[in-house]
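Here the structure is laid out as C-alpha cells; the discussion comes afterwards.
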Amino acid sequence: MPQSRVKPLIAGNWKMNGVRSNMRELKRIAEACKKAPKPRGDVLICPPFQVLWPYKEAVKGSPVRLGGQDCHTSVSGAHTGDVSAEMLADIGATAIIVGHSERRTDHGETNVLVRAKAEAVHAAGLIAIICLGETEKERDAGQTIRVISKQLKESVPNGSTAKNTVIAYEPVWAIGTGRTPTSDDIKKAHKALRTRLEKRFGPDGAKFRLLYGGSVKPGNAEEILALDNVNGALVGGASLKSSDFVPIIRAAK
Ligand code: 13P
C-alpha cells in the first residue's frame, strides 16, 4: 500500500496539563481546523480525563476528536482512582493512549499490562495508541531496534487492526528534551516496526499508522512528517498552545 493512502494522525498528549480555563486554547485549535485548508490528517487531543466532558463542547462542529491518556484493564469495579476505557468512551473519547513511557516509568507498566490495556480499549470500541521507545542507554548500546521490536511484539494484542490500533514510536530520551533522532534513525525505527507489523498482520500491517513522538515542534514537523513510514505525530509540549500545534497539524501533507 503506498504511504499516501495512510491518512495521517496528529495527536496532542496534554499529559497532566488541562483545567477548564485551557479550553480557550482548545477552541483556537478547533476553530483553526474548521478553516481552509482543512487538515489533511485526523486531529486528536488527549487532555486529562476530568476535562473531557467540558472540552467536548469546545470541539463540537470541528474535526478535532478527544481521547484519553490511560485506562484500567477492567470495565468497572473496585479500583480506586482508576478510569476505564468504557468510561472514557461514555464521555466522548475516540482513542486512548496506552503504554506511554511516563506510565511505564512512573507506574512500572510492563508490556503485558500495556497489552491488556490495549485489549480493554478495543473492547470499548476505541482506538488504542500504543507507545514504545528506547531509553538513551539502550540507544547508546545500539539496542533501539531490538528494544522496540520486543515492545511491539509484547504490547500489541493479536486482535489489533489498522483501524483500532496506532503505534507511536517515542524515544524516551527525546521526550520533552528538545532533542530528536536524526531523520535516518527515525526512518530506520519506523521501517523496522512496519516490517514486523506486516509480518504479523499481513497486508493490514501496511496500513497501521506509525506516529513519531518526542520534541516535535513547528520547526521540525514538516521534515519528520515527510519521512517514509511516518504517518503522523504524537505531540506533548507543543500541543498545549494553538500557535505551536496548528502549524504542526498543517505540516501533515
Ligand atoms: P514532547 O513533545 O513534549 O517531547 O512529548 C512527547 C510525548 O511524550 C507525547 O506523548
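Just so it is clear, none of the values below were taken in a lab; they were calculated from the coordinates. Note that the structure is predicted; figures quoted are calculated from it, not measured. Positions of Cβ are generated from backbone atoms using ideal geometry, with glycine treated the same way; all protein chains shown enter the neighbour counts.
Sequence neighbours fewer than 8 away in the same chain don't count; with that in mind, list the aspartates and glutamates whose C-alpha is under 19 Å from residue 15.
25, 70, 82, 102, 106, 109, 170, 244
So if I take the centroid of the Cα atoms in segment 121-170 and the same for segment 46-111, what is the distance between those two points in Å?
Comparing the Cα centres of segment 121-170 and segment 46-111, I get a distance of 18 Å.
Need one number: convex hull volume per residue for segment 1-109, Cα atoms only, in Å³. Don't jump to the answer; show the numbers that get you there.
Numbers: hull volume 14.0 nm³, N = 109.
Convex hull of Cα atoms, per residue: 128 Å³.
Give the lysines whose C-alpha is closer than 26 Å to that of residue 35, dropping any in the same chain fewer than 8 places away, or say none.
7, 27, 56, 60, 217, 241, 253
If the cut-off is 20 Å between C-alpha atoms, which lysines fall inside it for residue 153, apart from same-chain ones fewer than 8 positions away?
Result set, ordered by chain and number: 117, 163, 187, 188, 191, 199, 207.
What 222 nm value per residue comes from the helices of the chain, counting each DSSP H run with n ≥ 4 as -39,500 (n - 2.57) and dividing by all residues, nearest 500 deg cm²/dmol?
-11500 deg cm²/dmol
Along the charge dipole of the chain, Cβ charges K/R +1 and D/E -1, which of 87, 167, 205 sits furthest on the positive end?
205
Rounded to the nearest 0.05, what FRET efficiency do residue 75 and residue 222 give with R0 = 51 Å and r taken as the Cβ-Cβ distance? Could you check? List each step's numbers first, then the result.
Details: r = 41 Å, r/R0 = 0.81.
In this case the efficiency is close to 0.80.
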